[in-house]
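The values are calculated or read from the model by the stated rules, or taken from the named source; none is laboratory data. Everything quoted here is computed from the prediction, not taken from an experiment. Because the Cβ atoms are built from the backbone with ideal geometry, glycine has one as well, and the counts that use them run over all protein chains shown. Remember, those area values only see protein heavy atoms, side chains included, never the ligands or the DNA or RNA. Shrake-Rupley method; radii C 1.70, N 1.55, O 1.52, S 1.80 Å.
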Amino acid sequence: FASSPVIFEDTVIIQADVQKNSFLAALDVRTGKELWRTPRADVPTWSTPAVVPYTAGDAKGWQVVVNGWKHIGGYDLKTGKELWKLKGGGDIPVPTPVFLDGLVVITSAHGQARPIYAIRTDASGDLTENRSAIAWTQERTGNYMQTPLLTGGLGYFCFDNGVLTVLQLTTGEKLYQQRLGGGSSGFSSSAVAAGNQVYITNEDGHSFVLAPGPAYKVLAENDLGETVMATPAISDSVLYIRGGKHLFAIGVRP
């Protein structure tokens, strides 16, 4: 398994895509009691679910959105009822769905496909045939390992080889594409944003600090001196980065 459990209010969400009998389930966070379990028609996947708003007319609530290969989907948080589904993409989906400005962005890349889907929060039914709820699609720009970063109305999508593509979120328009570094290191950890800066770190522990916006601008580069595969975490103005040998806490000393 690579999918992480997600806690939202009093509920734990578990995505278990396996060879047989895949499912999505909700548990009570205090007792572990199963609240609902919904079967899924998918083979093993590696993505973590996301809880995002759901709007349909006057109805408003929350939905659990999951990445997949044969079964991307959105499910009612309270009942587990499937709201919408979509088939297609890379056959090893890893990135977590992300949400901003009324759009859920889902991407994957492996085999012959690497799409990005921007799906409206009022989606319903089978989107494979009826794509009216899909705001836009990029067919060859999707991520394999990294969860994309959405911030400031833009989407940041980094390939494993360090090629960064920045898209306008509302339209999917490509604003720029730029390789980070010389192409000799892989990129597995996801980009993060804090303090009006974007941080992207490669597997050699070399970090690129970018100015957010429609133009490519490197503000700084830093070396941690050891392997970095995990996505940094941010809390109280401190950037936490898990390396191969150390946990780094980067910030201003009080």
(message) Using +1 at the C-beta of Lys and Arg and -1 at the C-beta of Asp and Glu, which of Tyr54, Val6, Val43 has the Cα lying farthest in the positive direction of the dipole of region 1-102?
(response) Val43
(message) For region 193-232, compute the orientation-averaged projected area of the C-alpha convex hull (one quarter of its surface), in nm².
(response) 2.8
(request) Work out how much length Ile234 to Val163 would gain on full extension: take 0.36 nm times their residue separation and subtract the Cα-Cα distance, in nm to one decimal. (result) 23.2 nm
(message) Beyond a 20 Å Cα-Cα separation, which of these cross-linked pairs lie in this structure: Lys20/Lys87; Lys33/Lys70; Lys60/Lys81; Lys174/Lys217?
(response) Lys33/Lys70
(request) Output the Cα-based Rg and Dmax of region 89-242 in Å, rounding Rg to one decimal and Dmax to a whole number. (result) 15.4, 49
(request) Treating only the Cβ atoms of Lys and Arg (+1) and Asp and Glu (-1) as charged, compute the dipole magnitude of region 1-132 about its Cα centre; round to the nearest 20 debye. (result) 220
(request) Quick one: dipole size for the chain, taken about the Cα centre, charges +1 on Lys/Arg Cβ and -1 on Asp/Glu Cβ, in debye to the nearest 20. (result) 180
(request) Would you please give the residues with an amide H less than 5 Å from that of Val163, counting only those at least 5 places away or on a separate chain, with H modeled from the backbone geometry? (result) Leu180
(message) Which one, Thr227, His71, Thr170, projects farthest toward the positive side of the charge dipole computed for the chain from Cβ point charges (K/R +1, D/E -1)?
(response) His71
(request) List, in order, the whole-Hz ³J(HN,Hα) value for each residue of region 39-49 obtained from phi through the Karplus relation with A = 6.51, B = -1.76, C = 1.60 and θ = phi - 60°; use x for Gly and Pro. (result) x, 10, 9, 9, 8, x, 10, 10, 9, 9, x
(message) Only four residue types carry charge here, +1 at the Cβ of Lys and Arg and -1 at the Cβ of Asp and Glu. Report the dipole size of region 139-254 about the Cα centre in Debye, rounded to the nearest 20.
(response) 140
(request) Estimate the FRET efficiency between Leu35 and Asn196 by the formula 1/(1 + (r/R0)^6), using the beta-carbon distance for r and 51 Å for R0, to the nearest 0.05. (result) 0.80
(message) If each residue of separation counts as 0.36 nm, what is the full-extension length gain between Gln178 and Ala25 once their alpha-carbon separation is subtracted?
(response) 51.1 nm
(request) Take the Cα gyration tensor of region 1-151, multiply each eigenvalue by 5, square-root it, and list the three semi-axes largest first, rounded to whole angstrom. (result) 22, 18, 14
(request) For Ala56 paired with Ile7, estimate the spin-label separation in nm (one decimal), with each label point 7 Å from Cα along the Cα-to-Cβ line. (result) 3.0
(request) Please work out the average accessible area per residue across region 16-117, using the 1.4 Å probe convention, and give it in Å². (result) 45
(request) Using R₀ = 30 Å, calculate the FRET efficiency as 1/(1 + (r/R₀)^6) where r is the Cβ-Cβ separation of Ala16 and Ala211; round to 0.05. (result) 0.15
(message) Rounded to whole Å, give me the distance from the Cα center of region 1-74 to that of region 123-164.
(response) 19
(request) Report the full-extension gain for the segment Val218 to Asp76: residue separation times 0.36 nm, less the Cα-Cα distance, to one decimal in nm. (result) 47.0 nm
(request) Just the ratio, please: alpha-carbon radius of gyration of region 113-199 over 2.2 N^0.38 Å, N its number of residues. (result) 1.17
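Return the carbon/sulfur percentage of the accessible area of the chain, one whole number, probe 1.4 Å, all protein chains in place.
Looking at the chain in its full context, I get 50 percent from C and S.
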(request) May I ask which residue of Ala249, Tyr216, Ala118 lies farthest towards the positive end of the charge dipole of the chain, with charges of +1 (Lys, Arg) and -1 (Asp, Glu) on Cβ and the Cα centre as origin? (result) Ala118
